[in-house]
Structures are given as structure tokens and as C-alpha cells.
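Asks: The structure that follows is given in the form of C-alpha cells.
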Amino acid sequence: MNILFIGDIVGEPGRRAVKQLVPKLRVEHQVNLVVANGENSAGGSGITPNTAAEIYVAGVDIITSGDHLWDQKDVIGLLQNERRFLRPLNYPPQTPGQGSTIVQSDSLVPVAVMNLQGRAFMQDLENPFWTARAEVERLRTLTRIIFCGYAR
């Protein structure tokens, strides 16, 4: 199993780099799954449905986020409608969206991806380590492969 994780995709230059590099990297390294942090892909601040669509078309399977999640007001559409878009798992439970997902395809064993956000110098959230422990226990019943993206 080869997983490519991309840190912050920042603005149009970051999206352009993803478009140019991800397809080549997928082939060259036989990448099975691409996870990218896209929370700064819209002009360097937040993410929109359009920038997310660009990233998915470029070959990214799952987009994670972090503290810049709310910088663009139309992010709510992604949170409500896109199963491949993850908010931090340790946000309050009533927050729209999801903090983890299972990726399945014909050529891939099920892989869980979860997203957490740190708390140092940030808003007060649930402890990411406690939250992760409970989610790992839940996900272990569904798959043996769990990938965790962590935003600071």
C-alpha cells in the first residue's frame, strides 16, 4: 500500500503543482491513495467547492482541513455533501461534516482516513489524542489500515 500525503495546498500555485505532479507521482510510485490538506487552497485562505473539485480532478482522493476550514463561507456545501472532504474529528460533534471516512475501491483494500487538529496556540477543541483513540477503536472494526492527517 502506497499512500501519498500532501501538506498544505496553498492557493492557485499549490493547485497547479498538484495538477502537474500528482498524476506523475501516482504512476512513478504506484500510489494507491492520495490524501492532501486543502484548507488553504482558495487564495491561501480556506477552501471552496470549486477549488476542491480542481484538487479531486488532479488525482487527490481525500482532502483534509484544519483551523482555516471556516475561512470561505461556501465550505458548508463541502461539509454537507462531499464524503471525500474531512473536517477535524475533534471539532464538536454537532459540527457539519465528518472527521473520518473509509476509502474503498476494486483495487484497494479498505483504508480509513481520519483528520485531527492540534490545540497548541489554537481554539479549544477536544483532546485530539483521546478523540483519535476512540475513533481508531471504531475504525479497527472496519479495516486494518488507518491513516491519520493532523493539522496544527
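Asks: Of the residues 53, 36, 58, only one is over 22 Å from residue 146 (Cβ atoms), modelled with pLDDT of 95 or more and surrounded by 14 or more Cβ atoms within 10 Å (Cβ to Cβ); which? Break it down stepwise before answering.
Replies: Numbers: 53 fails: surrounded by 14 or more Cβ atoms within 10 Å (Cβ to Cβ); 36 fails: over 22 Å from residue 146 (Cβ atoms).
Only one candidate passes the filter, namely 58.
Asks: Which strands (runs of 3 or more DSSP E) sit wholly inside region 1-107 and have at least 2 residues that are polar (S, T, N, Q) and touching a Leu at 6+ places or on another chain (Cβ under 8 Å)? Steps first, answer last, please.
Replies: Working: elements: 3-6, 33-37, 62-64, 100-105.
The qualifying strands (runs of 3 or more DSSP E) are 100-105.
Asks: Continuing with the same structure: Answer yes or no as to whether residue 10 is at pLDDT 95 or above and crowded, with 22+ Cβ neighbours inside 10 Å.
Replies: On the way: at pLDDT 95 or above: yes; crowded, with 22+ Cβ neighbours inside 10 Å: no.
Criteria not met by residue 10.
Asks: Let me ask something else. Here is a check on your reading of the model: is residue 104 polar (S, T, N, Q), exposed (fewer than 13 other Cβ atoms within 10 Å of the Cβ) and at pLDDT 95 or above? Write out each step before concluding.
Replies: Numbers: polar (S, T, N, Q): yes; exposed (fewer than 13 other Cβ atoms within 10 Å of the Cβ): yes; at pLDDT 95 or above: no.
Against the criterion (polar (S, T, N, Q), exposed (fewer than 13 other Cβ atoms within 10 Å of the Cβ) and at pLDDT 95 or above), residue 104 does not qualify.
Asks: Is region 78-99 home to any residue that is of a type outside the set (Gly, Ala, Ser), touching a residue at least 40 places away in the same chain (Cβ under 8 Å) and surrounded by fewer than 19 Cβ atoms within 10 Å (Cβ to Cβ)?
Replies: The answer is no; no qualifying residue exists.
Okay, residues lined up against (1) more than 26 Å from residue 10 (Cα to Cα); (2) in contact with a strand residue (DSSP E or B) (Cβ under 7 Å, 6 or more places away or on another chain):
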residue: 67; (1), (2): no, yes
residue: 74; (1), (2): no, no
residue: 86; (1), (2): no, yes
residue: 95; (1), (2): no, no
residue: 106; (1), (2): yes, no
residue: 126; (1), (2): yes, no
residue: 135; (1), (2): yes, yes
residue: 142; (1), (2): yes, yes
residue: 148; (1), (2): no, yes
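Asks: Now for a different question. Kindly evaluate residue 45 against the criterion of being under 21 Å from residue 150 (Cβ atoms) and crowded, with 20+ Cβ neighbours inside 10 Å.
Replies: On the way: under 21 Å from residue 150 (Cβ atoms): yes; crowded, with 20+ Cβ neighbours inside 10 Å: no.
It is false that residue 45 is under 21 Å from residue 150 (Cβ atoms) and crowded, with 20+ Cβ neighbours inside 10 Å.
Asks: Name every residue in region 108-124 that is at pLDDT below 80 and open to solvent by less than 10 Å² (accessible area, probe 1.4 Å), in order of residue number. Walk me through it before giving the result.
Replies: Here is the first cut: in region 108-124, the residues at pLDDT below 80 are 118-124.
Of everything in region 108-124, just one residue is at pLDDT below 80 and open to solvent by less than 10 Å² (accessible area, probe 1.4 Å), namely 118.
Asks: Hey, another quick one. Out of all the residues in region 61-70, which are in contact with an Asp or Glu (Cβ under 8 Å, 6 or more places away or on another chain) and open to solvent by 50 Å² or more (accessible area, probe 1.4 Å)?
Replies: Within region 61-70, 67, 68 meet the criteria.
The values are calculated or read from the model by the stated rules, or taken from the named source; none is laboratory data. Predicted, not measured: the structure shown is a model, and the values here were computed from it. Methodologically, a virtual Cβ is constructed for each residue, glycine included, from the backbone with ideal geometry; neighbour enumeration extends over all protein chains shown. These accessible areas exclude ligands, DNA and RNA; they are computed on the full protein's heavy atoms, side chains included. Shrake-Rupley method; radii C 1.70, N 1.55, O 1.52, S 1.80 Å.
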